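K.L.:
After the structure tokens below, expect a handful of questions from me.
The values are calculated or read from the model by the stated rules, or taken from the named source; none is laboratory data. Here the structure is a predicted model, which is why all the values come from computation and not from measurement. Ideal geometry is used to build each Cβ from the backbone, glycine not excepted, and the neighbour counts take in all protein chains shown. Surface accessibility is based on the protein's heavy atoms, side chains included, excluding ligands, DNA and RNA. Shrake-Rupley method; radii C 1.70, N 1.55, O 1.52, S 1.80 Å.
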Amino acid sequence: MRSHIQGNLSAGQFANKLLQIGDGKVPEDPSTGLIITPCGQVVNSPDELLSKLYPNIQQNLKDQEWLSHRAILASRNDVVEKLNVIIQKQLPEQ
């Protein structure tokens, strides 16, 4: 809706891509669960994704503004769970 009202073609294309991901219509790498079709910034591994999305996570963890500008979209919950485990291993134990 926002892309239609504002006439932002790229926002509309991005919204359509998100719908395709949510509907399970975008292929993914079976070994990593990462999206194969370019959508946003393309990475080659879960570690690369996390290092680009959450650089210096230990220093920025308590900055809610920093955290609010980051999100990972995944087609399935098991992929999200794997990424959560990797992220949690990078955090201080407390």
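K.L.:
Within the set of pairs 6+ apart or on separate chains, which have a first residue in region 43-71 that is part of a helix (DSSP H, G or I) and open to solvent by 70 Å² or more (accessible area, probe 1.4 Å), a second that is β-branched (Val, Ile, Thr) and at pLDDT below 85, and C-beta atoms under 7 Å apart?
P.N.:
Filtered contacts from region 43-71: LYS52/VAL43.
K.L.:
Moving on to the next point. In region 32-41, is there at least one residue being open to solvent by 50 Å² or more (accessible area, probe 1.4 Å), modelled with pLDDT of 85 or more and assigned to a loop (DSSP other than H, G, I, E, B)?
P.N.:
Within region 32-41, not a single residue is open to solvent by 50 Å² or more (accessible area, probe 1.4 Å), modelled with pLDDT of 85 or more and assigned to a loop (DSSP other than H, G, I, E, B).
K.L.:
Count, please, the residues in region 21-36 that happen to be over 17 Å from ILE86 (Cα atoms) and without any contact (Cβ under 8 Å) to a residue 12 or more places away in the chain. It would help to see each step written out before you state the result.
P.N.:
First pass over region 21-36, keeping only residues over 17 Å from ILE86 (Cα atoms): 21-30, 35-36.
Subsequent filtering for residues that are without any contact (Cβ under 8 Å) to a residue 12 or more places away in the chain retains 23, 25, 27, 29-30, 36.
Final tally of qualifying residues: 6.
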